[in-house]
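The values are calculated or read from the model by the stated rules, or taken from the named source; none is laboratory data. Quantities reported herein were computed from a predicted structural model and do not represent experimental measurements. Here the Cβ positions follow ideal geometry from the backbone for every residue, glycine too, while neighbour counts run over all protein chains shown.
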Amino acid sequence: MDNYRFHLEKYHRGSKTVCPECRRKACFTRYIDESGEVDFPPHVGKCDHENSCGYHYTPKDFFREHPDESDSFRQEWKPQAISPIAPVRQPSFIDSAVIQRSLSHYDINPLYTFLSNTIGRSNTEKLFKLYQVGTSRKWRGSTVFWQVDSNGQIRTGKIMGYNAKTGHRLKVPHPHVCWVHTELRLHDFNLCQCFFGEHLLIRYPGKTVFIVESEKTALITAHFMPDGLWLATGGKNGCFNGNAIRVLVQRNVVLMPDLGATEQWKQKASMLANVCRSVSVSTVLEDMATDEQRARGLDIADFLLMEDTPQMILQRMIERNPALQNLIDTFDLELVDAGQE
């Protein structure tokens, strides 16, 4: 065990915790990084009850589902060894028929439900169509954020579970996130991520490109601030690499980091400066945020939704009096936003 960088923590008093799957006490052992560089989330580990529970979430599973964490760590499952330089592999793609089948069943899509109750169903439909957001039956209904590149080819899709009422990600008993290529068990799949929304760059060549971290945030900001083109990296480091940023050549780009990530994203700006026509890092959130908001790591979408939208107010009225929904459906009534013409 000592020869491996990532291994199960050696037993000591108090080292075994509650299993995130079966919820039994003192039976779960976490994985640790021998070098101390990676602090795995608490659900990365193994349950002692192999037959009755069988939960085993390995570091390899973690890095496969979080490829933006670090490419280098994913190669270190065995002791250090010198290996020949491998030839450059081309990106793998997913058949377009797969994405087309997912663009439906929005009645079980929790993020679709949340956004419909927040900004209205018609606006949500437009966003899902524009960004090609799909639905998966995993976890009894989840959202698929497809990564479609500037050539219209599908790099992969990220499947994420959400709470339909709050719009927050499901993280208990473990983060509800996985990848389409993993679920399809595609053999020897070479994941090369692109920006979420990248396929829109050709459609809107004159728009300033705003880059955020979360795909959900890109959707929300695209609704409230449609003059810009909103893309998402899908993670702190997701698409900040030399290959992915080439699509931003000669574009005006503004980075919109989450609270607490501004300094890290300023370091990324120098990489983009050699490609983009202009690049800047917005500090508007840092300038206006409270200490409590910084501690929570809020993003621009959180601020946009702090004020109740008319649709949110209507939804609360319907929850208090369900008959109101029947009235709306019977007479095909539509909520009009006073701020729109």
Take region 296-309 and flag every residue that is more than 16 Å from L219 (Cβ to Cβ) and either part of a loop (DSSP other than H, G, I, E, B) or at pLDDT below 75 (or both).
G297, L298, M306, E307, D308
Tally, over region 240-267, of residues that are within 12 Å of F210 (Cβ to Cβ) and among the basic types (K, R):
1
Does region 287-302 include one or more residues that are in contact (Cβ under 8 Å) with a residue 40 or more places away in the chain, over 18 Å from the mean Cα position of the chain (by Cα) and within 25 Å of D149 (Cα to Cα)?
no
Against the definition (in the same structural domain as G242 (by TED's automatic domain parsing), in a helix (DSSP H, G or I) and hydroxyl-bearing (S, T, Y)), how does S280 come out, yes or no?
no
Please enumerate the residues belonging to region 140-178 that are at positive phi, surrounded by fewer than 17 Cβ atoms within 10 Å (Cβ to Cβ) and assigned to a loop (DSSP other than H, G, I, E, B).
G152
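Let's see how each residue does on (1) part of a loop (DSSP other than H, G, I, E, B); (2) within 15 Å of the chain's Cα centre (by Cα); (3) in contact (Cβ under 8 Å) with a residue 60 or more places away in the chain; (4) within 23 Å of V144 (Cβ to Cβ):
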| position | (1), (2), (3), (4) |
| --- | --- |
| G234 | yes, yes, yes, yes |
| V247 | no, no, yes, yes |
| Q250 | yes, no, no, no |
| G260 | yes, no, no, no |
| Q267 | no, no, no, no |
| M271 | no, no, no, no |
In region 315-341, residue modelled with the lowest pLDDT [restricted to those that are among the aliphatic types (A, V, I, L, M) and within 29 Å of M225 (Cα to Cα)]
A338
Selection within region 179-222 - over 23 Å from N243 (Cα atoms), outside any loop (DSSP other than H, G, I, E, B) and in contact (Cβ under 8 Å) with a residue 60 or more places away in the chain
K216, T217, L219, I220, T221, A222
What is the one condition in (1) modelled with pLDDT of 85 or more; (2) closer than 13 Å to I119 by Cα that M312 does not satisfy?
(1)
Specify which of the listed residues (F189, F196) is in contact with a helix residue (DSSP H, G or I) (Cβ under 6 Å, 6 or more places away or on another chain) and surrounded by fewer than 23 Cβ atoms within 10 Å (Cβ to Cβ).
F189
Can you spot a residue in region 55-74 that is among the hydrophobic types (A, V, I, L, M, F, W, C), modelled with pLDDT under 75 and not assigned by TED's automatic domain parsing to the domain that holds H187?
yes
Could you please let me know if V254 is at pLDDT below 95 and assigned to a strand (DSSP E or B)?
yes
Among residues of region 223-232, those that are among the small types (G, A, S) and not in a loop (DSSP other than H, G, I, E, B), counted
1
